[in-house]
Amino acid sequence: MMVLAPNWSITQKVFKSEWSMIVPGLVFAFFFVAAAFIETSSPIELLQKVKFLFIDAIADPEKMREFLSSGPGYAAQDWIHLIAWDLIGGRWIYLDGLEKKVPTWHSLLITFGGGPLGLLVHFVTRSLSQKQQHRV
């Protein structure tokens with residue numbers, strides 16, 4: 001919607017609402033908690049996995065890879081995490097583009113495929129667009 005119909009009133013209504021960020025966050029939280037509970041057999045094992053994730057795996061990328069491949073639920077929640085952040089970043093780019101009257105379709109496509117690179121492209125586009133607007 002942000003790419004194909006950015007000026008459509010429904011697109012603007014959906015993405016100006018905080019719900020466009022809350023819903024992906026809730027979906028991620030559901031998968032995160034579900035993966036933790038489904039793939040553990042006891043509360044002790046759950047606490048061990050939480051400790052491993054937030055202490056051991058953060059310090060060692062190889063351990064993080066091991067953790068994510070330990071079950072399909074963890075890999076799924078990681079993808080949802082990435083998609084949610086891309087959507088939140090894309091929403092910010094979209095709203096900033098509307099406010100400043102800057103084209104965003106290319107920045108959004110890059111954001112949805114390459115995350116932070118799309119934000120950098122948006123900053124360059126915004127800078128060039130504002131310079132051009134000042135000339136007119």
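The values are calculated or read from the model by the stated rules, or taken from the named source; none is laboratory data. As the structure is a prediction and not an experimental result, all values here were calculated from the model. All Cβ positions, glycine included, derive from the backbone under ideal geometry; neighbour counts span all protein chains shown. Ligands, DNA and RNA are stripped out before the accessible areas are found, and what is left, the full protein with its side chains, is counted by its heavy atoms. Shrake-Rupley method; radii C 1.70, N 1.55, O 1.52, S 1.80 Å.
Taking the criterion of being under 19 Å from the mean Cα position of the chain (by Cα) and among the hydroxyl-bearing types (Ser, Thr, Tyr), the residues of the stretch 1-19 that qualify are Thr11, Ser17.
Within the stretch 20-48, if we keep just the residues that are open to solvent by 100 Å² or more (accessible area, probe 1.4 Å) and under 20 Å from the mean Cα position of the chain (by Cα), the residue that is modelled with the highest pLDDT turns out to be Leu26.
Residues of the stretch 95-111 that are within 15 Å of the chain's Cα centre (by Cα) and in contact (Cβ under 8 Å) with a residue 12 or more places away in the chain: Ser107, Leu108, Leu109, Thr111.
Determine if the stretch 52-63 includes at least one residue that is small (Gly, Ala, Ser), touching a helix residue (DSSP H, G or I) at 6+ places or on another chain (Cβ under 9 Å) and surrounded by 13 or more Cβ atoms within 10 Å (Cβ to Cβ).
Yes; the residues of the stretch 52-63 include at least one that is small (Gly, Ala, Ser), touching a helix residue (DSSP H, G or I) at 6+ places or on another chain (Cβ under 9 Å) and surrounded by 13 or more Cβ atoms within 10 Å (Cβ to Cβ).
Of all residue pairs spaced 6 or more apart or on separate chains, those with beta-carbon atoms under 8 Å, a first member in the stretch 21-40 that is touching a residue at least 40 places away in the same chain (Cβ under 8 Å) and a second member that is among the charged types (D, E, K, R) are Met21/Arg91. Scanning the stretch 79-136 for residues that are of a type in the set (Phe, Trp, Tyr) and open to solvent by 60 Å² or more (accessible area, probe 1.4 Å) yields Trp79, Trp85, Trp92, Trp105, Phe112, Phe123.
It is to be established whether one or more residues within the stretch 63-82 are modelled with pLDDT of 80 or more and in contact with a Pro (Cβ under 8 Å, 6 or more places away or on another chain). Yes, the stretch 63-82 contains at least one residue that is modelled with pLDDT of 80 or more and in contact with a Pro (Cβ under 8 Å, 6 or more places away or on another chain). Restricting to the stretch 2-19, name every residue that is open to solvent by 100 Å² or more (accessible area, probe 1.4 Å) and of a type outside the set (S, T, N, Q). If the condition is that a residue be open to solvent by 100 Å² or more (accessible area, probe 1.4 Å) and of a type outside the set (S, T, N, Q), then Leu4, Trp8, Lys13, Lys16, Glu18, Trp19 are the ones that fit.
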